[in-house]
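S.K.: First, the structure itself, so that you have it in front of you.
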Amino acid sequence: MKLSRLPGKPGQYLPLVLLWLVLWLLLPRTAKFGYDYRKGSPWKHENLIAQFDFPILKTEEQILEEKSKSDGGIVPYYRYAADVANRNIKAAEGLDLGVLKSTVVGEIRSLYERGIVSDAGVKTDKKGDPNAVLFIQKDKRAVQRPVTEVYKESAARAKLVADESDVFTEGKSEEETWHQRKKAAIDRLARAPHDAKIVALGDKLSNMRAIARDYAAQGDALWNIFHAKDPKDHEWHYRGLADALRELQDTPAFQEFEQLINQVFA
């Protein structure tokens, strides 16, 4: 069998041969991925070194955008640590607090039942929304709780100190010191940090709801159960609390609080 010749002169193919030779010399002579591995198997090498030596950097804006996107769809669940609550309540029961002991222990128990988180705060289902809720795992159940009902550590300490200074004045009855104690509590609340005011608003709103409900059923007879019997004293107290919390006036909780005050003390 006779082979046919390539058309044209042999010299005209020289540029193609040279091009192929240049490409062959330029191309890397190692594998694209210089590691042996098998999908699904453990990584056997100590390091993974890239085949290039220049950095791949993202801008600060790209990093922030990726962080915000990665956080957006994740809502963490917080575990209620009953062992921590029980240990601290037991420690309080062992303190020599005199007549204040039962009050202090009861207040600490109430704080833990509401929930206490670190001052770093929490992540909620609706970031920045005052109506947001937390997801809390307690025992084997997960429950939702309004973020305004959960204390930060600093707010819990502040409330404990404020409440205990409010319940006891040596040598005087609670009736005699009612005005003095309430005025001191209002002044402390006015100076409190924003987070502490949010927690306090949830507490005072709960009290005002109960007063409004009971006043609708009992009328002026309701005031006889309090140390201060004059409804004008209670109006002064709650309007003073509202003024101390005025920086929260754009929130639905504050607006409901003030509306109930106006409703009861019209």
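S.K.: Across the range 230-242, what is the total count of residues that are surrounded by fewer than 15 Cβ atoms within 10 Å (Cβ to Cβ) and either more than 17 Å from Lys183 (Cα to Cα) or of a type in the set (Ser, Thr, Tyr) (or both)?
M.R.: Number of matching residues: 0.
S.K.: Quick one: is Thr169 at pLDDT below 75, among the polar types (S, T, N, Q) and farther than 21 Å from Phe257 by Cα?
M.R.: yes
S.K.: Residues in the range 194-229 that are among the basic types (Lys, Arg) and part of a loop (DSSP other than H, G, I, E, B): how many?
M.R.: 1
S.K.: Count, please, the residues in the range 209-266 that happen to be closer than 19 Å to Asp195 by Cα and among the aromatic types (Phe, Trp, Tyr).
M.R.: Number satisfying all stated conditions: 2.
S.K.: Could I ask something else about it? Every residue in the range 208-229 that is in contact with a Pro (Cβ under 7 Å, 6 or more places away or on another chain) and surrounded by fewer than 17 Cβ atoms within 10 Å (Cβ to Cβ), please.
M.R.: Once the filter is applied, which keeps residues that are in contact with a Pro (Cβ under 7 Å, 6 or more places away or on another chain) and surrounded by fewer than 17 Cβ atoms within 10 Å (Cβ to Cβ), the range 208-229 yields only Asp220.
The values are calculated or read from the model by the stated rules, or taken from the named source; none is laboratory data. These figures come from a predicted structure and were not determined experimentally. Cβ atoms come from the backbone with ideal geometry, glycine included; neighbour counts cover every protein chain shown.
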